[in-house]
Amino acid sequence: MGIIVNRFNSVLKANYEKAVNQEIREEISGLSQLQFISLYEASKPWAIGPFSRREDLTFHKNSQMPDPTGIGWTSSSIFNPSVLIDDEKIYLFYRATVKKESLGSRIGLAIYSPESGWVDQRTNPVIYPTDVDEVLSVEDPKVYRYINETTGQTEYVMYYNGAWEASEELVEKFQKPYGNLAVDIKSAISTDLINWTKQGVVVPHEITRLWVKGAVIPRSGDGSAVKINGEYLMFLSEGCGDKQYVGHSQDMKNWTFVQTEYLPLPATMGKNIYEVASATVNGDQLVLDFLYNDNNDHHSGAQALYNIKDPFNVLDFTTNSCLSWGGMSQYQGEWFFAQGWDAPRGIEEMHFYSAPIQ
């Protein structure tokens, strides 16, 4: 066992050193929250917004989290978080990475209470690479509350991305474009939001074709996964052989996936969907927030409106978006989300944004 662990950590360290020297595309690392939330269309009141920054809630990460693998891992940027409100506390699950938008990420947790402010957890990292299909990175947590219908107890599930290097044989088998870098959607379960038990891969490779993003589940303002027409839905977007899939589940653990074009991008808007960021249930409306490639080859964002009973047929689009990969919450009577894109380079900082509830 010790030999296997040492070999894994040796590969982990080599990949970490690659991440340190990784060149990041400016069109990704240069994304700013303002460019997306500033385009709010007041003429479409169903759109969630307009958002403004909550300066009083900014989270400053001022120390390095422990490194259970002992390879000398450190981070310089935090972003793409998931926020869940529980007992008046804000649980902020964040992606901590070597540098903005690089591989080599881990997932940490900070908790805010009105009495104590922000406290970065001593148990961090809550998720870090321990499996072969995570050896390059663990990224972009998405956390949901749900009721375990067997026990009747409240539980929490985190879906996250595990990055790894696929063999040439697998690349050929699944006809994967753009090299060997592979991404799985994985999950972990918790009963207290602090301690997490990994559950493994959620979406089979026959669906992902070795690359997938998403794990976006319709979510209410309190962070609860919402059943639609009697079942939980999971929207997959980027990857899957350039096909859109929807997952179907009764328990948030066991999923079947069906190819479903739930978000056709109008030709007047752009060329293709990059990734669906969130699915927010607001009364009888479902709003998908997503990133796409527009007709000028720019990264653009939008929201799409659905009737909650008909979640695959778009009723309308708007030009604003939030790109809150972990979903939107309600806090102190407003819509609420977090993102770390606008932190100065090399500063680990998370900004919060809020908007009136329509």
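Name every residue in the range 37-68 that is crowded, with 18+ Cβ neighbours inside 10 Å and part of a loop (DSSP other than H, G, I, E, B), in order of residue number.
Passing the criteria: Tyr40, Ala47, Ile48, Gly49, Phe51, Lys61, Met65.
Of the residues that make up the range 276-299, is at least one open to solvent by 40 Å² or more (accessible area, probe 1.4 Å), farther than 25 Å from Leu39 by Cα and not in a strand (DSSP E or B)? Step through it out loud before you land on a result.
Taking the range 276-299 first, the residues open to solvent by 40 Å² or more (accessible area, probe 1.4 Å) are 283-285, 295-298.
Filter once more, keeping what is farther than 25 Å from Leu39 by Cα: none.
No, that holds for no residue.
Would you be able to say whether some residue in the range 224-235 is at negative phi, aromatic (Phe, Trp, Tyr) and in contact with a His (Cβ under 9 Å, 6 or more places away or on another chain)? Within the range 224-235 (the criterion being at negative phi, aromatic (Phe, Trp, Tyr) and in contact with a His (Cβ under 9 Å, 6 or more places away or on another chain)), the answer is yes, since at least one residue qualifies.
Here Thr256 fulfils each of the conditions (1) surrounded by 19 or more Cβ atoms within 10 Å (Cβ to Cβ); (2) without any contact (Cβ under 8 Å) to a residue 12 or more places away in the chain; (3) of a type outside the set (A, V, I, L, M) apart from (1).
Of all residues in the range 160-177, those satisfying the criterion of being touching a residue at least 24 places away in the same chain (Cβ under 8 Å) and either of a type outside the set (S, T, N, Q) or under 23 Å from Val83 (Cβ atoms) (or both) are Tyr160, Asn161, Gly162, Ala163, Trp164, Glu165, Ala166, Leu170, Val171, Phe174, Lys176.
If the condition is being part of a strand (DSSP E or B) and open to solvent by 10 Å² or more (accessible area, probe 1.4 Å), then the range 105-139 contributes Ile111, Tyr112, Ser113, Gly117, Trp118, Val119, Asp120, Glu139. Can we say Gly247 is more than 23 Å from Ile90 (Cα to Cα), open to solvent by less than 50 Å² (accessible area, probe 1.4 Å) and either part of a strand (DSSP E or B) or of a type in the set (Val, Ile, Thr) (or both)? In short, yes. The residues listed here are Glu27, Glu101, Glu17, Glu23; of these, the one that is surrounded by 15 or more Cβ atoms within 10 Å (Cβ to Cβ) and either within 30 Å of Thr154 (Cα to Cα) or modelled with pLDDT under 95 (or both) is Glu101. For the range 184-235, a tally of residues being part of a strand (DSSP E or B) and basic (Lys, Arg) returns 3.
The values are calculated or read from the model by the stated rules, or taken from the named source; none is laboratory data. This is a predicted model, so every value here is computed, not measured. When we count neighbours, we look across all protein chains shown, and the Cβ atoms used for this are built from the backbone with ideal geometry, even at glycine. Side chains included, ligands, DNA and RNA excluded: accessible areas come from the protein's heavy atoms. Shrake-Rupley method; radii C 1.70, N 1.55, O 1.52, S 1.80 Å.
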